[in-house]
1. What about residue 96, is it surrounded by fewer than 17 Cβ atoms within 10 Å (Cβ to Cβ), touching a strand residue (DSSP E or B) at 6+ places or on another chain (Cβ under 8 Å) and within 30 Å of residue 54 (Cβ to Cβ)?
2. Enumerate the pairs (first residue in region 25-51 and without any contact (Cβ under 8 Å) to a residue 40 or more places away in the chain; second residue anywhere and exposed (fewer than 14 other Cβ atoms within 10 Å of the Cβ) and in a loop (DSSP other than H, G, I, E, B)) with beta-carbon separation below 7 Å, excluding pairs fewer than 6 apart on the same chain, so at least 6 apart or on different chains.
3. Out of all the residues in region 135-145, is one or more touching a strand residue (DSSP E or B) at 6+ places or on another chain (Cβ under 7 Å), outside any helix (DSSP H, G or I) and under 30 Å from residue 251 (Cβ atoms)?
4. Which of (1) without any contact (Cβ under 8 Å) to a residue 24 or more places away in the chain; (2) in contact with a strand residue (DSSP E or B) (Cβ under 9 Å, 6 or more places away or on another chain); (3) buried (at least 18 other Cβ atoms within 10 Å of the Cβ) does residue 232 not meet, given it meets every other one?
5. Collect the residues in region 9-23 that are in contact (Cβ under 8 Å) with a residue 12 or more places away in the chain and either closer than 20 Å to residue 99 by Cα or in contact with a helix residue (DSSP H, G or I) (Cβ under 8 Å, 6 or more places away or on another chain) (or both), keeping them in residue-number order.
6. Need the failing condition index for residue 71 against (1) under 30 Å from residue 164 (Cα atoms); (2) free of Cβ contacts under 8 Å to residues at least 60 places away in the same chain, just the number.
7. Can you name every residue in region 152-170 that is within 14 Å of residue 72 (Cβ to Cβ) and surrounded by fewer than 12 Cβ atoms within 10 Å (Cβ to Cβ)?
8. Considering each of 104, 132, 111 in turn, give the residue that is at negative phi, at pLDDT 95 or above and not in a helix (DSSP H, G or I).
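The values are calculated or read from the model by the stated rules, or taken from the named source; none is laboratory data. Computed from a prediction, not measured in an experiment: that's the story for all the values here. All Cβ positions, glycine included, derive from the backbone under ideal geometry; neighbour counts span all protein chains shown.
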């Protein structure tokens with residue numbers, strides 16, 4: 001990325017693709033598509049324009065991912081259920097498969113979040129009110145216990161950084177062993193949390209898993225309140241609106257409430273999945 005610009009703009013989408021549409025293009029780059037293969041395309045764009053744009057974005061996303069050296073991904077298997085419409089009783093389940101189209105979108109979301117976080121933190125007029133997404137290092141005791149367990153079965157991990165852990169995972173060739181390793185390591189990880197920058201002890205803002213100094217949530221203001229605050233902060237930097245009226249202490253309290261609500265939602269989702277699974281296997 002050679003240059004960037006932060007500004008209000010209007011996105012004129014020319015086609016509403018699903019992840020499945022994008023994945024099909026990625027899987028079949030030489031396929032000749034017909035108009036009926038996609039939703040309606042507008043603004044005088046052609047099918048080949050859409051296809052080439054997706055492929056270009058995909059290639060760039062792979063470069064972006066390769067440059068995030070030291071980033072750690074511990075994706076746990078997620079169950080998804082087919083629900084009977086009338087009774088809401090689960091009929092079957094499967095494991096959600098993350099595909100390249102998901103990773104494509106994820107890369108650009110991460111990039112936007114990281115760049116906005118850096119922009120805000122380096123702007124003196126508002127840096128004391130910046131809402132960040134902070135990820136503390138793993139619980140040292142839990143991580144050391146996990147490292148001992150892994151060492152007993154011949155898997156050596158340093159564990160001093162996210163890069164060390166990520167390399168250890170990449171070096172495991174057996175997929176079953178890799179899944180078990182991810183499961184064990186995830187247990188020692190702390191949760192990422194929202195915070196107000198000026199209320200963080202010792203100014204340690206970093207995100208351990210992503211291995212970046214500054215990170216925030218900017219890309220989903222329609223479903224996350226912290227993103228709305230971050231949009232308002234960026235608007236203040238760009239002179240579109242006034243700075244947030246809340247004090248840093250008040251913003252920290254809002255961040256803590258968001259952490260609580262997010263944890264509650266996560267717990268509720270997990271319990272719901274467990275309940276559905278119990279119904280299926282009883």
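1. Yes, satisfied.
2. 39/16; 43/12
3. yes
4. Every condition holds for residue 232 apart from (2).
5. The answer is 14, 15, 16, 17, 19, 20, 21, 22, 23.
6. All conditions pass for residue 71, except number (2).
7. Filtering region 152-170 for residues within 14 Å of residue 72 (Cβ to Cβ) gives 157-170.
Listed by number, the residues that qualify are 158, 160, 170.
8. Exactly one of 104, 132, 111 is at negative phi, at pLDDT 95 or above and not in a helix (DSSP H, G or I), namely 132.
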